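To start, the structure itself, in structure tokens.
Every number here is computed from the coordinates shown, using simple stated rules; none is lab data. Owing to the predicted nature of the structure, the values given are computational and were not obtained by experimental measurement. Here the Cβ positions follow ideal geometry from the backbone for every residue, glycine too, while neighbour counts run over all protein chains shown.
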Amino acid sequence: MSLLGILTEPQTLGPLWLTVRVLAVAGALHLAAGVLVGYYLTGRKTVMRSVVDFLVTLPLVFPPIATGFALLLLLGRNGPIGRFVTDGLVFSFWGLVIASFVAGLPLMVKPVEAALRGGSQLAEVSRVLGKSEWQTFWLVLLPNVRRSVISGWFLALGRSLGEVGITLMLGGNILGRTNTLSLEIYNAVFSGEFDRAVVLSCIIGLFSLAIYLVLKRMSAV
């Protein structure tokens, strides 16, 4: 089959559109939660902050498939969280969003946290001038770390784009429903459709290249 034929067939367009939708929702969550969690972790060290820091960092050091299995136990229909959700979270679009969000969150939170810690002197000055904590955050700290926020966001998107292990456990790789681009590459290879696997890999490669170029440009400014 020709390149154009592979690009326009439903088996390619479906996973591509699904991946774009997942990245859009997960990216919005990364932007909001990543900044707030990063700011929270800069506070005085407590047991709760240590627990949050551990949970956020865990996907970086724990095997993705094991992380996905742990989330499956929590969010499944019989899990402590999933049993309270009527429509279910796993094997659905929202399972894919959760997988992407969890996978990319550490790469969003850690740069933001480090940048905010570096601006501690600005925060002290702001407080001395009578600004509240939220005024200090929104008007002083956040503008000062915007480059780290943007860089972390793109890193999180890149990690989410290539996520397989957690996505496989929470999404189930249901054809036509939860098979993202990364999972569809696996499906294509498994079924012997190597031409389609190459095309899908190139699509993800273009996304990754765009993210790399943006990060490279930001580092050069």
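List of remarks:
- Comparing V97, L55, T167 along the charge dipole axis of the chain, the residue lying farthest to the positive side is L55, per the Cβ-charge model.
- Segment L175-I65, extension gain: residue separation times 0.36 nm, minus the distance between their alpha carbons: 37.7 nm
- Theoretical ellipticity at 222 nm over the chain - DSSP helices of four or more residues, -39500 (n - 2.57) apiece, nearest 500: -24000 deg cm²/dmol
- Under 19 Å from the R21 label point (7 Å along Cα→beta-carbon), backbone N, segment 102-146: 102
- At R0 = 45 Å, FRET efficiency that the Cβ-Cβ distance of L4 and V128 yields, to 0.05: 0.10
- Among the trypsin sites (Lys or Arg not before Pro) in segment 55-127, those located in a DSSP loop and surrounded by at most 15 other Cβ atoms within 10 Å of their own Cβ are R77.
- Cα pair distances in segment 17-177, grouped into 5 Å bins until the bin that holds the longest one, percent each: 1, 10, 17, 18, 18, 14, 9, 7, 4, 2, 0, 0
- R0 of 30 Å, Cβ-Cβ distance S120-L58: FRET efficiency to nearest 0.05: 0.70
- Measuring between their Cα centroids, segment 1-22 and segment 128-182 lie 25 Å from each other.
- Pairwise label distance in nanometres, A28 with L206, each label 7 Å out on the Cα-Cβ vector: 2.5
- With 0.36 nm allotted per residue and the present C-alpha distance subtracted, the L74-V198 stretch has 41.1 nm of extension available.
- Förster radius 41 Å - calculated FRET efficiency between R83 and R49 (Cβ-Cβ, nearest 0.05): 0.90
- Difference of contour (0.36 nm per residue) and Cα-Cα distance, L36 to S219: 63.5 nm
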